[in-house]
Amino acid sequence: MSLRGKTAVVGAYEHPTRYAPHLTPHRIMAESARGALEDAGLAIADVDGLCTASMGPIGVIALANHLNLRPTYLDSTNLGGSSFVAHVAHASAAIAAGLCRVVLILYGSTAASDRLAVGTGGTGGFGDPPDAYETPYGPTVVGSYAMAAMRHMHEYGTTSRQLAEIAVTTRRHAALNPAAKFHDPITVEDVLASRVVSSPLHLLDCCMISDGGGALVVTSAERARDLRKAPAYVLGAAEGVVHTGVGRQDLLEVAAAQTGPKAMAMAGIGHRDVDLRMIYDSFTITVLLTLENLGFCPRGEGGAFVCGGRLAFDGPCPTNTDGGGLSSNHPGMRGIFLVIEAVKQLRGDAGARQVKKRDVALCHGTGGVISRRHSGATLILGRERG
Amino acid sequence: MSRKDYKKPLPRIDEENRWFWEACARHELVLQRCGGCGELRFYPRGLCPACLSSSVEYVRSSGRGRIHTFTVTYQSQAPGFRDELPYVMAYVDLDEGPRVLSNVVHTPPEEVKIGMAVEVVFEDVDEDLAIPRFRRASER
């Protein structure tokens with residue numbers, strides 16, 4: 001059984017805040033729920049499914065309590081930053097199986113006002129078995145991605161200038177997104193002149209840490225037809241993990257290599273059918289590796305592929321049109337924003353950064369840490385049911 | 001050196017990995033080979049992920065290998081490491097096969113290169129615990 005065309009994202013809302021010391025994560029989630037339900041033309045009483053990640057291990061129960069919801073489907077799957085992309089698939093499967101009818105997916109975080117050092121703080125260990133062989137060596141998140149970047153440069157001659165092109169194009173998109181945190185244009189030289197955090201990655205190769213949150217509403221394709229906005233149909237989805245296994249890991253393989261082909265096969269589409277790519281951009285190297293592993297260019301050619309404005313909203317391969325985690329927002333787990341921007345673009349509601357052709361969008365979330373262990377979730381959305 | 005003076009993160013030692021860290025305290029780097037299917041594995045586990053056998057053989061590593069990739073880290077909040085910036089993190093390909101995460105020490109960061117030969121060096125935390133790291137070795 002396939003998920004293709006069975007459900008749709010019918011409500012999407014990105015909380016406008018980027019710094020909110022006066023708000024709690026639960027307040028951000030409640031406001032986001034209000035925004036997404038209003039967008040869908042549904043009421044809170046219609047919600048019978050609830051997904052979230054990032055709080056305590058049973059945080060979804062407290063969230064239901066906070067919103068006084070009694071859902072029949074609860075999902076707090078935490079795959080790191082890709083969680084909310086995976087939640088859309090889980091919600092769709094639950095709806096298709098008749099477990100629930102309207103699923104609300106929520107995210108809220110005050111990572112910036114809590115002064116969380118995500119990329120360079122501590123060692124990213126949680127006391128799991130593999131951590132004993134990693135945390136003694138001080139492996140920051142940025143350092144772990146940097147090791148993948150260093151290897152890519154060694155094997156394929158990829159340069160810091162090429163990685164910088166990703167940051168430059170993404171900033172150009174942020175300048176066209178009124179809600180984005182950073183609007184001032186940057187150049188390749190600016191990226192290269194920013195300090196090295198962990199070689200070869202510069203400060204401007206790294207995403208920010210902001211506050212923020214958002215919400216999505218998913219329901220059946222049948223119900224979607226009668227709602228307020230044009231549905232973004234779920235056409236394909238897949239999730240996977242890549243880890244160090246028993247010690248023979250390929251540091252340039254990301255989960256997208258498994259999930260991209262599966263999701264595209266489910267959707268019945270090829271690479272040329274994809275009008276918009278929303279790729280988790282924790283770091284510039286994350287985008288490059290994900291594009292390669294999804295098959296938008298051959299392995300090793302990502303450096304050349306991202307140059308010349310190819311990823312720009314008005315270029316041949318529009319990618320991360322909202323300004324991404326590099327320049328719009330990144331409250332720690334960015335997956336939900338990939339889907340929100342995809343929905344906006346498919347509807348034609350993206351304003352100055354609107355892509356011209358807008359039939360199919362591919363979202364790919366990465367969670368955890370590339371070069372150690374990470375999850376990937378691909379979601380393909382389309383304007384037609386497929 | 002005593003454990004209370006050691007600022008960097010320590011491994012959490014449990015029933016599945018105690019033997020590995022006891023070997024490190026003797027300045028031996030030891031790998032596991034499955035007694036059932038023969039797969040050499042890192043990191044240590046009680047059961048072989050390939051065949052689920054709990055039969056284990058221990059293989060002493062030469063402690064020699066080459067750098068697969070590395071990074072020089074200039075910003076880190078990791079306890080102990082934040083006082084020693086910059087430091088080098090690396091994946092080392094051991095001669096026996098496994099690719100392990102570690103630090104490159106006693107080697108100027110600017111001289112670290114992918115493919116460089118390295119050898120294990122143990123940093124004693126106290127008499128019961130030592131952390132394996134790597135330093136540049138003479139070319140073979």
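The values are calculated or read from the model by the stated rules, or taken from the named source; none is laboratory data. Keep in mind the model is a prediction, meaning the values are calculated, not measured. Ideal geometry is used to build each Cβ from the backbone, glycine not excepted, and the neighbour counts take in all protein chains shown.
Residues in the range A:230-249 that are closer than 27 Å to A:D273 by Cβ and either of a type in the set (S, T, Y) or surrounded by 18 or more Cβ atoms within 10 Å (Cβ to Cβ) (or both): 11 in all.
Can you confirm whether B:Y58 is aromatic (F, W, Y), at negative phi and in contact with a helix residue (DSSP H, G or I) (Cβ under 6 Å, 6 or more places away or on another chain)?
Details: aromatic (F, W, Y): yes; at negative phi: yes; in contact with a helix residue (DSSP H, G or I) (Cβ under 6 Å, 6 or more places away or on another chain): no.
No; evaluated as a whole, the condition is false for this residue.
The single condition from (1) crowded, with 24+ Cβ neighbours inside 10 Å; (2) not in a loop (DSSP other than H, G, I, E, B) that A:D281 fails is (2). State all residues of the range A:36-64 that are in a helix (DSSP H, G or I), at pLDDT 95 or above and either surrounded by fewer than 19 Cβ atoms within 10 Å (Cβ to Cβ) or among the acidic types (D, E) (or both); if no residue qualifies, say none. Correct list: A:E38, A:D39, A:I44, A:A45, A:D46, A:A64. Take A:V9 and decide whether it is in a strand (DSSP E or B) and either among the acidic types (D, E) or touching a Cys at 6+ places or on another chain (Cβ under 7 Å) (or both). The answer is no for A:V9. Taking residues in the range A:306-322 that are crowded, with 24+ Cβ neighbours inside 10 Å, and partners anywhere that are outside any loop (DSSP other than H, G, I, E, B) and of a type in the set (G, A, S), the pairs with Cβ atoms closer than 6 Å and at least 6 places apart or on different chains are A:D322/A:S328.
Can you tell which of A:G368, A:G348 is of a type in the set (G, A, S), in contact (Cβ under 8 Å) with a residue 60 or more places away in the chain and surrounded by fewer than 24 Cβ atoms within 10 Å (Cβ to Cβ)? Step through it out loud before you land on a result.
Working: A:G348 fails: in contact (Cβ under 8 Å) with a residue 60 or more places away in the chain.
Sole residue among the options that is of a type in the set (G, A, S), in contact (Cβ under 8 Å) with a residue 60 or more places away in the chain and surrounded by fewer than 24 Cβ atoms within 10 Å (Cβ to Cβ): A:G368.
Taking A:L291 as the residue in question, decide whether it is without any contact (Cβ under 8 Å) to a residue 60 or more places away in the chain and part of a helix (DSSP H, G or I). Let's see the steps before the verdict.
Numbers: without any contact (Cβ under 8 Å) to a residue 60 or more places away in the chain: yes; part of a helix (DSSP H, G or I): yes.
Here the answer is yes, as A:L291 does meet what is asked.
The set of residues in the range A:343-372 that are touching a strand residue (DSSP E or B) at 6+ places or on another chain (Cβ under 7 Å) and closer than 28 Å to A:A148 by Cβ comprises A:A361, A:L362, A:C363, A:H364, A:G365, A:T366, A:G367, A:G368.
Within the range B:5-17, is there a residue that is more than 16 Å from A:A132 (Cα to Cα) and away from chain A (no Cβ under 11 Å)? Yes, the range B:5-17 has at least one match. In the condition set (1) within 10 Å of A:A215 (Cβ to Cβ); (2) surrounded by 22 or more Cβ atoms within 10 Å (Cβ to Cβ), A:A20 is compliant with all but (1). Report yes if A:V234 is within 28 Å of B:E84 (Cα to Cα), outside any helix (DSSP H, G or I) and either at pLDDT 95 or above or more than 14 Å from chain B (Cβ to nearest Cβ) (or both), otherwise no. Criteria not met by A:V234.
The single condition from (1) outside any strand (DSSP E or B); (2) more than 30 Å from A:R195 (Cβ to Cβ); (3) in contact (Cβ under 8 Å) with a residue 40 or more places away in the chain that A:I105 fails is (1).
Is it true that some residue in the range A:100-117 is touching a strand residue (DSSP E or B) at 6+ places or on another chain (Cβ under 7 Å) and surrounded by fewer than 24 Cβ atoms within 10 Å (Cβ to Cβ)?
Yes: one or more hits.
Within the range A:131-146, residues that are within 7 Å of another protein chain (Cβ to nearest Cβ) have Cβ atoms under 7 Å from residues that are part of a helix (DSSP H, G or I) in these pairs: A:G138/B:F81, counting only partners at least 6 apart in sequence or on another chain. Filtering the range A:246-296 to residues that are within 18 Å of the chain's Cα centre (by Cα) and either of a type in the set (S, T, Y) or modelled with pLDDT under 95 (or both) leaves A:T259, A:Y280, A:S282, A:T284, A:T286, A:T290. Determine whether the range A:114-128 contains at least one residue that is farther than 21 Å from B:V92 by Cβ, basic (K, R), more than 10 Å from chain B (Cβ to nearest Cβ) and touching an Asp or Glu at 6+ places or on another chain (Cβ under 9 Å). Scanning the range A:114-128 turns up no residue that is farther than 21 Å from B:V92 by Cβ, basic (K, R), more than 10 Å from chain B (Cβ to nearest Cβ) and touching an Asp or Glu at 6+ places or on another chain (Cβ under 9 Å).
I'd like to know if the range A:152-162 contains one or more residues that are assigned to a loop (DSSP other than H, G, I, E, B), out of contact with any Lys or Arg (no Cβ under 6 Å at 6 or more places or on another chain) and either aliphatic (A, V, I, L, M) or under 24 Å from B:E84 (Cα atoms) (or both). No, the conditions are met nowhere in the range A:152-162. Listed by position, the strands (runs of 3 or more DSSP E) enclosed by the range B:35-132 that each have at least 3 residues that are more than 10 Å from chain A (Cβ to nearest Cβ) are B:56-60, B:64-73, B:117-126.
Condition test on A:V197, is it buried (at least 23 other Cβ atoms within 10 Å of the Cβ), in contact (Cβ under 8 Å) with a residue 24 or more places away in the chain and either touching a Cys at 6+ places or on another chain (Cβ under 8 Å) or assigned to a loop (DSSP other than H, G, I, E, B) (or both)? Judged against the criteria, A:V197 is a match.
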